[in-house]
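Everything below concerns the one structure shown next.
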Amino acid sequence: MNRYEKAAAAAVALMLVAAGAIFLYAPGDALQGPVQRIFYLHVSSAIAAYGCFAVVLVGGIIYLRNESPAADRFARAGALVGVVFTTVTLVMGMLWAKPIWGSFWTWDARLTSTLVLWIIYAGYLLVRRLAEPGRGAARIAAVVGIFGFIDVPVVHFSVTWWRTQHPGPIVVNNALPAEMLATFLFTLVCTLVLAAVLIAIRYRIETLLDAKMAIAEPAKLVSAQQPEAVP
C-alpha cells in the first residue's frame, strides 16, 4: 500500500473504534434513548465541515494574493470534503430530529443556516466544474469560498443568537457526563483525522488532474495549428 492507502486505512480503523466507543462505552441517554448516540457523529461531522471550509477560506485568500496553484488545489479539496461532511451532518440531524421533534425537517435557524452552507459550497464546486479551467474560474471560486465562510459562524452561533429547537452548547458548558464527553472528544479527533486524510487524498488527485491538463493543453494547441491534409 502507498502512504495514502495506509492513511485511509488508519482513518477508517479509528472511525470503527469511535463507533465501538459510541455504542459500547458511552452511556445511554435517559430522555432520548438510543437515538441520542447520533449526537457524536452529527456534531463531529459539523466541526469537521467547519475545518474543511476554513481550508477553502485560507486557500482562496492565498490564491488571490499570489495565484498559487497549490493553494487552489487545497481549496478545491477542502470544498469537496466539506460538502461531504455537511451532507453527513444534515442527514444525521434529520435522523435524530424525526423521533425527537416528530419531523425530519423544520425551518429551525441552525438547520436552515446549515442547508445554506451546503448550498454555498455545492455552488463553489459547480462553478469549478462548469467554468472554463483557468485563472478566471479559480478567482471566482476563491471569492465564493471566502464569502461563503461567513455562514460558518452563523451556523455555529445560531443557537445562541436565535430561539431554536436545538439544544445549547452542551459541550463547552460541561453539560455532558464524563463518559459521554470522553466519547465525543475521541469521536471528534477521529473525524478530524478522517477529514484531513480525505483532503490530502483529494489534493493528490487534484494535483494529478492539473498535471494531466497541463500536458493535454499544448497537445491540443499543436493539433489545432497543424494544417489539414489536402486530398
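The values are calculated or read from the model by the stated rules, or taken from the named source; none is laboratory data. Model, not experiment: these values are computed from the prediction. Cβ sites come from the backbone with ideal geometry, for glycine too, and all protein chains shown count toward neighbours.
The residues on offer are 71, 75, and the sole one that is part of a helix (DSSP H, G or I) and either in contact (Cβ under 8 Å) with a residue 60 or more places away in the chain or within 18 Å of residue 167 (Cβ to Cβ) (or both) is 75. The condition of being small (Gly, Ala, Ser), more than 24 Å from residue 150 (Cβ to Cβ), part of a helix (DSSP H, G or I) and without any contact (Cβ under 8 Å) to a residue 40 or more places away in the chain holds for residue 13.
Of the set (1) surrounded by fewer than 12 Cβ atoms within 10 Å (Cβ to Cβ); (2) β-branched (Val, Ile, Thr); (3) modelled with pLDDT under 90, all apply to residue 164 but (1). Considering the stretch 43-68, the residues that are touching a residue at least 12 places away in the same chain (Cβ under 8 Å) and hydroxyl-bearing (Ser, Thr, Tyr) include one that is surrounded by the most Cβ atoms within 10 Å (Cβ to Cβ), namely 44.
Out of 170, 205, one residue alone is modelled with pLDDT under 80, hydrophobic (A, V, I, L, M, F, W, C) and surrounded by 14 or more Cβ atoms within 10 Å (Cβ to Cβ). It is 170. Among the residues of the stretch 17-36, are any assigned to a helix (DSSP H, G or I), in contact with a Gly (Cβ under 9 Å, 6 or more places away or on another chain) and surrounded by 12 or more Cβ atoms within 10 Å (Cβ to Cβ)? Yes, the stretch 17-36 contains at least one residue that is assigned to a helix (DSSP H, G or I), in contact with a Gly (Cβ under 9 Å, 6 or more places away or on another chain) and surrounded by 12 or more Cβ atoms within 10 Å (Cβ to Cβ).
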